[in-house]
Amino acid sequence: AQSVTQPDIHITVSEGASLELRCNYSYGATPYLFWYVQSPGQGLQLLLKYFSGDTLVQGIKGFEAEFKRSQSSFNLRKPSVHWSDAAEYFCAVGARNQGGKLIFGQGTELSVKP
Amino acid sequence: EAQVTQNPRYLITVTGKKLTVTCSQNMNHEYMSWYRQDPGLGLRQIYYSMNVEVTDKGDVPEGYKVSRKEKRNFPLILESPSPNQTSLYFCASSQSGGAKLETQYFGPGTRLLVL
C-alpha cells in the first residue's frame, strides 16, 4: 500500500540556519511527489512538486527538494530559514490511476527561533 | 482571483443535526475532492469527483455524502454528524485527476466541532 512517512513531528531551527525536512514514501512505481505548507489558520499552499526529469526541484519561497529513488525519499531543504517559514509542512504522494488522490504524511511542524 | 472557497469556516453543532459544508472553485476545474485533517494523521481523502455527476469514495467516506450537480460546486454533507467527525476539512480542486495527476488547489479549511 502507498504511504508517506515524515519522521519528524516537530523541528525547531534558528533563523538563518539551514533546514531539511525528511519525507519517505512507499509506492510501487515512480511517484508524483509534492510538498505543501500550511500556515496557521490557512489552507495548504503548494511549495513544489516532482513528476519526472531532474531530481532536484526548485519551489517557491526559496525551497528545494531532491527525489532519491534509491532511498525512497523526497526531502525538503532551505539554505536559510526566515521567521515567516514557521508553519506545518506536508509531504504527499500522488496515486496514479486512483482518482487523483493525494496520500499525505503526518506533517512536520516547524518552529523558528529568533 | 483563482481560488477555492469553503463555507462556513467554523462550525459548532450537535450530534445528529444534519449539516452541509459548501465548496466552490472558479478555475473551471474538472476534479474536486474533500479531505479531513486530524492531528498525527495528516490529510485523508473522503470523497472525490472526476467531473459533474461523477463521484467516488476516498479512504474515509463513512458518515459523509457528496454531490456534484455543477462543475464549480462540491458540497460535503453530514447527514447525522457524530463527535468522531470533529475535524478540519479541506476542499481541493485540479484541472483533472486520474492518470495525469495535476496540482491540487486547496480551500482555506472548515473547522467542525460536533458535540
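For chain B, the per residue solvent-accessible surface stands at 47 Å², with DNA, RNA and ligands left out and a 1.4 Å probe.
By accessible area, using a 1.4 Å probe on protein heavy atoms only, the range A:45-106 has 48% of its surface on carbon and sulfur.
At 1.4 Å probe size, with every protein chain present, just tell me what the per residue accessible area of the range A:1-81 comes to in Å².
49 Å²
By the rule of a C-alpha distance below 17 Å, with chain neighbours fewer than 8 residues away ignored, the lysines paired with B:LYS69 are B:LYS57. The accessible surface of chain B, taken with every protein chain in place and a 1.4 Å probe, is 52 percent carbon and sulfur.
Phi-derived couplings, Karplus 6.51 cos²θ - 1.76 cosθ + 1.60 at θ = phi - 60°, listed residue by residue for the range A:19-25: 9, 9, 10, 8, 8, 10, 10 Hz, with x used for Gly and Pro. If you plug the beta carbon distance of B:LYS65 and A:LYS113 into 1/(1 + (r/R0)^6) with R0 = 41 Å, you get a FRET efficiency near 0.35. Taken residue by residue and averaged, Cβ atoms of other chains lying within 10 Å of the Cβ of B:42-55 number 3.
When the accessible areas of B alone and A alone are added and the area of the pair subtracted, with a 1.4 Å probe, the result is around 1700 Å², both sides summed.
With the convex hull drawn over the C-alpha atoms of chain A, the volume per residue is 99 Å³. Above 32 Å, the calculated P(r) of the protein assembly as shown contains 18 percent of its Cα-Cα pairs. Here's the list of lysines a cross-link from A:LYS61 could span, going by alpha-carbon distance under 19 Å and ignoring same-chain residues fewer than 8 apart: A:LYS49, A:LYS78, A:LYS113. Note on A:100-112: average number of Cβ atoms from other chains within 10 Å of each residue's Cβ is 5. Working note: Karplus 6.51/-1.76/1.60 with θ = phi - 60° gives the range A:100-114 the couplings x, 5, 9, 9, 9, x, 6, x, 10, 8, 9, 10, 10, 8, x Hz, where Gly and Pro are set to x. For the peptides B:64-71, B:18-25, the ranking by packing is B:18-25, B:64-71, with the highest mean count of neighbouring Cβ atoms within 10 Å listed first. Model label sites at A:GLN42 and A:GLU66, defined 7 Å from Cα along the beta-carbon direction, differ in position by 2.7 nm.
Shown here: chain B, whose C-alpha atoms stretch 39, 25, 25 Å along the first, second and third principal axes, sorted largest to smallest.
The values are calculated or read from the model by the stated rules, or taken from the named source; none is laboratory data. These numbers come from a predicted model, not from an experiment. A quick note on method: Cβ atoms are made from the backbone with ideal geometry, for glycine too, and the neighbour counts reach across all protein chains shown. SASA here: full protein model, heavy atoms, side chains in, ligands and nucleic acids out. Shrake-Rupley method; radii C 1.70, N 1.55, O 1.52, S 1.80 Å.
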